[in-house]
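A short worksheet on the structure shown next.
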Amino acid sequence: PTGASPGSGALNPFDRRLKRKQKNWAALQAEPAKCDYLREEVRRRTGLAGSPRVLTFPLALDVGSGRGYIAQHLTKETVEKLVQVDIAENALKNARESEIPTVRVVADEEFLPFKEDTFDLVVSSLSLHWVNDLPKAFREIHQVLKPDGVFIGAMFGGDTLYELRCSLQLAELEREGGFSPHVSPFTAVADLGHLLSRAGFNTLTVDTDEIQVNYPGLFEVMEDLQGKYILGMGESNCSWNRKPLLHRETMLAAAAIYREMYGNSDGSVPATFQIYYMIGWKYHESQAKPAERGSATVSFGDLAKIEGLLKKGKK
């Protein structure tokens, strides 16, 4: 596109400079407490404050920390010291206070300015879906982790805002004869485990969940995503190939389609956010190793007999 910087295009779908501006603007909006409900819900479902394998993390890193959503739910018993990293300086300046000693660093998630084997824990919540090179970001996280360190993350998944996408596309096809992306692309869950494994993580756990938020209509959904009122997330589209303007007639048609196809009985419309949750460990020789190939005493063919074997055991 015209005015794209070097490196923009198919391999770099996002304008990171624009994303930084969007996040900086969102961080300065009034009443930030109203902006955090989705991030708070994701944080709650992630269960970031603990692990059965490691009780205390001496040094933790929060990648894409924003205003410090995760830090509010960590304790000094869980994390002794925390480093928060975000691309937006305004988010760090307006970060919430925490009982944990905290250092804040302005840096890009794709280029972490830390030495190898530094952190015991790395967390990231709703930030990595905006990086241009997700495999590189995972490699960077793996590199800065200590052996037996753990990465716990959450990011938006491929089905996020499917109602909005479909409504805008149908309206543009009808009114303008074609459509452009108005919601940024997201990673497919089938790729996530593979990317984490290639980055060097083991003992992987990847899960998916959905959070549905109801709005009065399409216009409120889009206002929310732009960070005007509630989310304050700076989640506006920053794809290089985004279309800068939607015609009024197209927007009205999209709003009608949204309500017709997805509307609730009370007149509201749902917006679905798909969340991927991931946990990966950096290898250490003390970790449990998988059994050797061929050492199993039960084959997959025996699984059909499991009920009978259990009944015999009970007798």
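Some points to look at:
- Pick from region 263-295, criterion of a type in the set (Ser, Thr, Tyr) and at pLDDT 95 or above, ranking: farthest from the chain's Cα centre (by Cα): 265
- Taken over region 88-97, the criterion of being outside any helix (DSSP H, G or I) and either touching a residue at least 60 places away in the same chain (Cβ under 8 Å) or under 20 Å from residue 158 (Cβ atoms) (or both) is satisfied by 88, 94.
- Check on residue 127, in contact with a helix residue (DSSP H, G or I) (Cβ under 9 Å, 6 or more places away or on another chain) and of a type in the set (Gly, Ala, Ser): no
- Qualifying residue in region 74-87 (condition: under 25 Å from residue 129 (Cα atoms), out of contact with any Leu (no Cβ under 9 Å at 6 or more places or on another chain) and open to solvent by 30 Å² or more (accessible area, probe 1.4 Å)): no
- Within region 98-137, considering residues that are under 17 Å from residue 87 (Cβ atoms) and in a helix (DSSP H, G or I), the one most open to solvent (accessible area, probe 1.4 Å): 136
- Test: residue in region 111-125 that is touching a residue at least 12 places away in the same chain (Cβ under 8 Å), touching a Ser or Thr at 6+ places or on another chain (Cβ under 6 Å) and of a type outside the set (Ser, Thr, Tyr): no
- Within region 141-169, residues that are within 18 Å of residue 277 (Cβ to Cβ) have Cβ atoms under 8 Å from residues that are surrounded by fewer than 22 Cβ atoms within 10 Å (Cβ to Cβ) and among the small types (Gly, Ala, Ser) in these pairs: 141/199; 142/199; 142/200; 150/51; 157/188; 158/188, counting only partners at least 6 apart in sequence or on another chain.
The values are calculated or read from the model by the stated rules, or taken from the named source; none is laboratory data. None of these values were measured; they are calculated from a predicted model. Here Cβ is always computed from backbone atoms with ideal geometry, including for glycine, and neighbour counts include all displayed protein chains. With ligands, DNA and RNA removed, areas are computed over all heavy atoms of the protein, side chains included. Shrake-Rupley method; radii C 1.70, N 1.55, O 1.52, S 1.80 Å.
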